[in-house]
Amino acid sequence: MTPFARGNERTPWSRRDESGTAFVWPSIACLIALTAIGSQWWENHQLRKQLEANSVAHATALEKQATVIQSIQNQRHEERRLIEQNCRAQVRWMEEMREAFANLHESRENAEELAQQLNDERRYKQWNAQSIVSVFNSAASAGVDWRGKSRDRLVEEVLAGMTPAVGPFAGKTFRVPNFSLEEAFLCSPFIALDRDKGLIYDQNGAQPPPSDDSPLTPIAARKPEGKKRPSGPPGRPE
């Protein structure tokens, strides 16, 4: 055994023991350093894997977010397109409604104008019929002997005029002045015969118009042979 030193005495060591001890401690230090380096490398490796996983997750999340954003943009684009289409449709509808109202207003004005024209024409025909009937009755009261047996013949005589042979009105001609056959033809539905074969006024205008062979029918209004005018209420198109 190696003797131990006492006091100031030197302790003798063998060279072999000193060289072995000097080799062990550096080995332990290297082992500790390698262990620390390996631990640090492992931690760095785990951290790097975690960072890669986080990067992949983050990239996946960004892709999903981009997909959602693109979907939202497409949806907004479609909504904007539908809104624009709806606005254009409403504009067209408003234009069509405005045009329809304008046409309706114009049609209403035309209808009112036509109704007023027809009403004026009816009043004019009624006034002509009243004039013929009034002259007929006045002449009959004055002593005129009307010879016609039909309404149209009597109206023709009133238009031509007749003079009573005797009485205070002898020599005076009773007739409707400035009256054409066409005017008599148009107002004839307001003139009827009474039971005494005299002319009376029909305010409803329900009398049949003159026939084709009537003296009141203008030549232009007469039908060719074989085509007779149908009888019916006045004003009905033939």
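The values are calculated or read from the model by the stated rules, or taken from the named source; none is laboratory data. Just so we're clear, the structure is a prediction, and the values are computed from it rather than from any experiment. Cβ coordinates were reconstructed from backbone atoms using ideal geometry, including for glycine residues, and neighbour counts include every protein chain displayed. Note: areas computed on protein heavy atoms with side chains; ligands, DNA, RNA excluded. Shrake-Rupley method; radii C 1.70, N 1.55, O 1.52, S 1.80 Å.
Quick rundown of the values:
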item: Candidates Q65, Q126, Q75, filtered to the one that is touching a residue at least 12 places away in the same chain (Cβ under 8 Å), in a helix (DSSP H, G or I) and out of contact with any Lys or Arg (no Cβ under 9 Å at 6 or more places or on another chain); result: Q126
item: Tabulated pairs, region 194-211, first of a type in the set (D, E), second surrounded by 10 or more Cβ atoms within 10 Å (Cβ to Cβ), C-beta under 8 angstrom, 6+ apart or interchain; result: D194/I200; D202/A129; D202/P189; D202/F190; D202/I191; D202/A192
item: Members of region 198-219 that are part of a loop (DSSP other than H, G, I, E, B) and modelled with pLDDT under 85; result: S211, D212, D213, S214, P215, L216, T217, P218
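Table: residues versus (1) of a type in the set (D, E, K, R); (2) closer than 29 Å to V166 by Cβ.
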residue	(1), (2)
R108	yes, no
D120	yes, no
V133	no, yes
A140	no, yes
R147	yes, yes
R153	yes, yes
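Yes/no matrix, rows are residues, columns are (1) open to solvent by 60 Å² or more (accessible area, probe 1.4 Å); (2) closer than 29 Å to P208 by Cβ; (3) outside any helix (DSSP H, G or I):
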{"residue": "E96", "(1), (2), (3)": "yes, no, no"}
{"residue": "A102", "(1), (2), (3)": "no, no, no"}
{"residue": "S107", "(1), (2), (3)": "yes, no, no"}
{"residue": "E112", "(1), (2), (3)": "yes, no, no"}
{"residue": "S131", "(1), (2), (3)": "no, yes, no"}
{"residue": "R153", "(1), (2), (3)": "yes, yes, no"}
